[in-house]
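For reference, the structure is listed below as structure tokens.
The values are calculated or read from the model by the stated rules, or taken from the named source; none is laboratory data. Computed from a predicted model, the values in this text were never measured in an experiment. In this analysis, Cβ positions are derived from the backbone assuming ideal geometry, glycine residues included, and neighbour counts consider all displayed protein chains. For the accessible areas, the whole protein counts, side chains as well, though only heavy atoms, and no ligand, DNA or RNA atoms are used. Shrake-Rupley method; radii C 1.70, N 1.55, O 1.52, S 1.80 Å.
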Amino acid sequence: MGPPLDVWGLSPSLFSWWTNRFYIYSGLAFALSLWICLQIIFKKQAKNSQENSTPKATEDLLTNGYITLQKKQIFVSGVKIFYGSQTGTAKGFATILAKEVTSLDLPVTVINLKEYDPDDHLVEEVTSKSVCAFLVATYTDGRPTESAEWFCKWLEEAASDFRFGKTYLKGMRYAVFGLGNSAYSNHFNKVGKNVDKWLWMLGAHRVLTRGEGDGDVVKSKHGSIEADFRAWETKFISQVQALRKGEKKSCSGKCKKGKCESKQQGSEGTEPGPHPQEEQRHRDVEEEEPCGSTSEEELGGDNSERPSSVVDVEDLGKIMNHMKKEKREEEHLEEETSLFRGTWKNEDGEGRAMITPALREALTKQGYQLIGSHSGVKLCRWTKSMLRGRGGCYKHTFYGIESHRCMETTPSLACANKCVFCWRSARCQSGAP
Ligand SMILES: Cc1cc2nc3c(=O)[nH]c(=O)nc-3n(C[C@H](O)[C@H](O)[C@H](O)COP(=O)(O)O)c2cc1C
């Protein structure tokens with residue numbers, strides 16, 4: 001028994017509170033935790049409803065009382081339409097296409113190739129996020145229009161110049177529509193084919209198979225050059241819409257050989273894939289998937305690789321056998337070669353080294369003997385040819401010069417010109433001092 005109430009001077013109610021204090025404390029603690037839980041739930045609900053009420057890409061999120069601006073990702077910033085026209089057909093098509101693109105609410109620029117300097121501006125397309133459409137006509141002997149002459153010349157040279165490399169235009173997205181007439185069977189649409197091929201060789205990403213406009217109404221795929229263009233234009237617009245949403249069409253295997261450029265390049269690999277419904281929609285619109293296969297086939301090579309700019313004929317067999325390995329090495333070599341212009345130093349840290357480890361490895365593999373860090377030398381392939389009884393080079397055949405006894409050299413590995421064929425070595429071969 002505890003002491004009597006009077007002893008503590010407590011009233012009976014206070015006493016009962018005191019004896020039941022444990023239950024009262026527990027009750028209070030429970031009520032407090034319940035209140036906290038409810039607060040958390042209400043806050044979460046409020047946040048969710050706010051998130052759902054505004055599109056994710058454009059919303060300004062209220063977080064902890066601070067406004068955070070979330071950037072909208074732009075997949076296509078606009079469309080640039082380049083045309084090479086003589087009698088106005090390509091120009092007219094460019095105007096029609098521009099109107100269609102404008103209706104998508106996308107900025108569009110129509111550019112006459114005559115007023116465009118690829119040397120200054122083409123590389124901008126790598127980062128511009130534009131989609132470039134080329135509408136180019138073919139003229140006599142497969143030549144471009146006067147207005148597109150310089151552009152084509154530049155592109156052709158760049159595509160075969162290893163200094164530009166196979167990734168010069170990586171990131172650029174393009175589609176080509178060629179205008180021609182199949183009556184000129186030998187050169188039908190040659191300019192369109194070439195522009196498509198050269199851009200591809202420079203690493204640009206073809207977003208749509210090349211369109212071929214045929215002025216011969218009998219042979220034209222859609223009945224006329226205008227109909228050919230309309231069919232291509234529909235595909236192009238559909239493709240731009242898909243790209244704009246950040247979609248990347250997958251290959252359904254409809255393209256030739258079942259190969260899809262989008263798979264090979266992977267340059268847009270970060271972009272999310274298409275929704276099944278969207279994909280179906282595109283299939284409905286298109287006769288074939290917009291994956292490019294043209295240039296790869298024209299070049300007759302493995303689709304997985306762009307053609308190499310420098311191929312030693314003697315090593316062709318080996319190169320073919322080790323295509324992928326070579327490609328990796330060439331990229332490495334390209335990287336290392338660019339160091340000549342910059343900061344690479346030799347092992348002693350003195351001045352610029354003339355040969356990098358990667359270049360050394362590549363040249364050794366091609367059969368060159370390296371001299372110091374500056375030169376390379378290799379037995380002329382005609383020497384082997386002569387020894388095998390297969391004849392010598394033209395200098396021997398025509399002029400009796402025993403050039404096969406000479407050695408093919410790369411006089412200076414540090415030469416800034418990087419000519420594909422070195423005339424100094426040619427002089428050496430011909431026996432000149
Ligand atoms: C003189 C002349 C030569 C042509 N040569 C070719 C040719 O070699 N290959 C080809 O596919 N089309 C050739 N064509 C067809 C044109 O490419 C075709 O008419 C095209 O639509 C012209 O486009 P443009 O009006 O924009 O200049 C030639 C047309 C003309 C008038």
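What to note about this one:
- Checked against (1) more than 16 Å from the ligand (Cβ to nearest atom); (2) out of contact with any helix residue (DSSP H, G or I) (no Cβ under 6 Å at 6 or more places or on another chain); (3) under 29 Å from Phe75 (Cα atoms), Phe162 meets all criteria but (3).
- In segment 74-89, the residues that are more than 11 Å from Leu113 (Cα to Cα) and either within 9 Å of the ligand (Cβ to nearest atom) or not small (Gly, Ala, Ser) (or both): Ile74, Phe75, Val76, Val79, Lys80, Gln86, Thr87, Gly88, Thr89
- Within segment 178-209, tally of residues that are open to solvent by 10 Å² or more (accessible area, probe 1.4 Å) and more than 13 Å from the ligand (Cβ to nearest atom): 5
- Residue list for segment 219-230, filter: open to solvent by less than 70 Å² (accessible area, probe 1.4 Å) and over 19 Å from Thr138 (Cβ atoms): Gly223
- Taking first residues from segment 132-159 that are more than 7 Å from the ligand (Cβ to nearest atom) and partners that are open to solvent by 30 Å² or more (accessible area, probe 1.4 Å) and of a type in the set (D, E, K, R), the Cβ contacts under 6 Å between residues at least 6 apart in sequence or on separate chains come to Cys132/Lys80; Ser147/Lys114.
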